[in-house]
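The values are calculated or read from the model by the stated rules, or taken from the named source; none is laboratory data. In this text the structure is predicted, and so the values were computed from the model without any measurement. Cβ sites come from the backbone with ideal geometry, for glycine too, and all protein chains shown count toward neighbours.
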Ligand SMILES: [Fe+2]
């Protein structure tokens, strides 16, 4: 098992015998249906369909999709019951952890370099009022590479080092998240995805014109300061006039990234279809990263609270469900298996989470007990540990 693999989500109808599960799958009652590492058989797939799973994560090996195991080899074993084909999950979990760790190191390394490159790019803008488009495109390429792992990249954004250079980290993160949200929505062509990333990287470039003591002020801003900060999308839009290389969709995306579908945003309070689809995606990516990042002027919140906020803003008509719903769904799935802290101070593992219909959130504690915290008044997840 030295092959490298990535974890890819498959819908049930896409599964076939011989694929290897990339996650432990639980039944709604919290019992294990199949462990991560299981080589799927027809019976396993039937079982997953029976439990109405809408999709599972599968390991895709670099040498090609699948496991390197031949499904027929499994069948030679006589179509044994699923339990007999469950592979020792400790072995696979250890193997998976090693691979993930290698991927994390690579991600953090590329991430660190691209943040430095953006710092250089923005410094040139600040000092020389010039946009180095060649450098910018190399940053877009790097961000596309970072977001290749899909929604899993969001977990790594929380582990990537953040420093006082919040604006550069945030801009790269919004580029990554915008690419992920756009891909999940299926609404953008590849060339538009590239523009989405570019707009994400540039969305707050107008803040370079805002005095630092206002931008990073601790405590609330007065009316004049708030007005000044809220001009940053318009400042960027005017700046782009000097650079024909920046496509119209990127200019509009940046100008409107604080506008909302219900007209409650700024600077122009445009609503609905008047807002460019790129701006709608940037709005979601911006809120998610701003909430989950450590900032100079405020503490970060857990991805769980950010998720609640985006869902509430989608229900109230600020965000388009077309873009927010697939992102929220995938985000829930990627948090499964992570260790979390509850508001009573206890720590456990999130083993199952369903937000459709009656919400179920199963936490497994160190004594082996699994409880649905939705049935426990006042208990809620407040922090992601790892
Ligand atoms: Fe902004």
Exercise. Just to be sure, is residue 312 surrounded by fewer than 17 Cβ atoms within 10 Å (Cβ to Cβ) and within 18 Å of residue 289 (Cβ to Cβ)?
Worked result: yes
Exercise. Restricting attention to the stretch 299-307, does a residue exist that is over 19 Å from residue 175 (Cα atoms), assigned to a helix (DSSP H, G or I) and modelled with pLDDT under 95?
Worked result: yes
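Of all residues being within 16 Å of residue 194 (Cα to Cα) and away from the ligand (no atom under 15 Å from the Cβ) in the stretch 234-275, which is surrounded by the fewest Cβ atoms within 10 Å (Cβ to Cβ)? Just the residue, please.
Quick first cut of the stretch 234-275, residues within 16 Å of residue 194 (Cα to Cα) only: 245-254.
With the extra rule that they be away from the ligand (no atom under 15 Å from the Cβ), the set shrinks to 245-249.
Numbers: 245: 12, 246: 22, 247: 17, 248: 10, 249: 19.
Among them, the one singled out is 248.
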For this session: Could you please find all residues in the stretch 8-43 being assigned to a strand (DSSP E or B) and modelled with pLDDT of 75 or more?
Result: 8, 9, 10, 11, 20, 21, 25, 33, 34, 39
Seminar exercise, completed: With the first residue restricted to the stretch 273-291 and required to be farther than 17 Å from residue 313 by Cβ and in the same structural domain as residue 194 (by TED's automatic domain parsing), and the second required to be more than 11 Å from the ligand (Cβ to nearest atom) and at pLDDT below 95, Cβ contacts under 6 Å at 6 or more apart or on different chains are none
Exercise. Just to be sure, is residue 231 within 14 Å of the ligand (Cβ to nearest atom), free of Cβ contacts under 8 Å to residues at least 40 places away in the same chain and either closer than 25 Å to residue 180 by Cβ or in contact with a strand residue (DSSP E or B) (Cβ under 7 Å, 6 or more places away or on another chain) (or both)?
Worked result: no
For this session: Would you please name the residue that is nearest to the ligand (Cβ to nearest atom), looking only at residues in the stretch 165-223 that are outside any helix (DSSP H, G or I) and within 19 Å of the chain's Cα centre (by Cα)?
Result: 203
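Out of curiosity, is residue 303 within 20 Å of the chain's Cα centre (by Cα), crowded, with 22+ Cβ neighbours inside 10 Å and more than 16 Å from the ligand (Cβ to nearest atom)? Please lay out each step first, then the result.
Working: within 20 Å of the chain's Cα centre (by Cα): yes; crowded, with 22+ Cβ neighbours inside 10 Å: yes; more than 16 Å from the ligand (Cβ to nearest atom): yes.
Spelling it out, residue 303 is indeed within 20 Å of the chain's Cα centre (by Cα), crowded, with 22+ Cβ neighbours inside 10 Å and more than 16 Å from the ligand (Cβ to nearest atom).
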Exercise. Residue check: is residue 198 in the same structural domain as residue 140 (by TED's automatic domain parsing) and in contact with a helix residue (DSSP H, G or I) (Cβ under 8 Å, 6 or more places away or on another chain)?
Worked result: yes
Exercise. In the stretch 224-234, what residues are under 14 Å from residue 256 (Cβ atoms) and assigned to a helix (DSSP H, G or I)?
Worked result: 232, 233, 234
